[in-house]
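First up is the structure itself, then whatever we jot down about it.
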Amino acid sequence: MPQTANASLAIAEMREFASFTAAEQRYIRRSLDVGLGRCDAFKSWARDAAENAGIRRQYVAYQELKRLREDMPADPEADHIDGFIGTLTRMAAFDLSQERIDGFSAFRFLYERLLGAQARPWLPSAFVAAAALPHIRPERRRMLLQSLSEAAATAPGWSETEPGFYPEYVEAEAA
């Protein structure tokens with residue numbers, strides 16, 4: 001892909017990230033640090049004991065990321081999709097239950113980076129399955145499910161272009 005196309009894609013991804021709420025942005029950056037092993041998430045993100053415990057739970061929930069990346073079915077008709085989609089749904093349910101992701105766009109943004117572009121066809125079904133689980137509060141369940149556009153749910157195909165923008169923790173300077 002030409003360099004200008006890469007730059008345009010990165011700018012579009014930055015704009016999309018900027019459209020998310022502050023809580024979504026923070027959760028996505030933290031999740032990428034945990035899921036991609038970019039840094040010690042406890043040092044960067046834990047402001048108190050509750051966040052420390054939340055990060056610990058997230059590390060446990062994300063233990064299967066490597067296996068998900070390796071076992072991603074290339075064919076939707078494959079016989080082993082039940083294990084893959086079950087694990088992906090369980091991980092998605094963890095993230096949605098944290099109540100920091102408010103819609104499909106932020107969820108997709110995060111999971112494209114955690115799993116890669118080849119995960120795109122699987123994300124709508126995992127999101128809907130996770131959002132519909134009974135442990136998600138009914139009003140939140142409604143909000144999440146309504147965030148999935150018809151276009152995203154019925155897409156005839158998905159881009160194979162890998163994400164180019166991976167937001168990171170930025171330490172605020174003391175004034």
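About its Cα centre, segment 121-175 has a charge dipole of approximately 560 debye under the convention of +1 per Lys or Arg Cβ and -1 per Asp or Glu Cβ, with nothing else charged.
Wrap a convex hull around the Cα atoms of segment 106-163, take a quarter of its surface area, and give that in square nanometres. With every direction weighted equally, the projected area is 4.0 nm². Picking from 63, 37, 21, whose Cα lies most toward the positive end of the charge dipole for the chain (charges on Cβ: Lys, Arg +1; Asp, Glu -1)? After comparing all options, I get 21.
A dipole drawn for the chain from +1 and -1 charges on Cβ atoms has a positive end, and of 104, 151, 8 the residue lying farthest that way is 104. Simple point charges give the picture: +1 on the Cβ of Lys and Arg, -1 on the Cβ of Asp and Glu, and for the chain a dipole about the Cα centre of about 520 debye.
Put one equal scatterer on each alpha carbon of segment 29-175, apply the Debye formula with no solvent term, and list log10 I(q)/I(0) at q = 0.09 1/Å to two decimals. Normalising to I(0) and taking log10 leaves -0.29.
Values in this text are rule-based calculations from the coordinates and carry no lab data. For clarity, every value in this text was computed on a predicted model and none was experimentally measured. Using ideal geometry, Cβ is built from the backbone for each residue, glycine included, and neighbour counts are taken over all protein chains shown.
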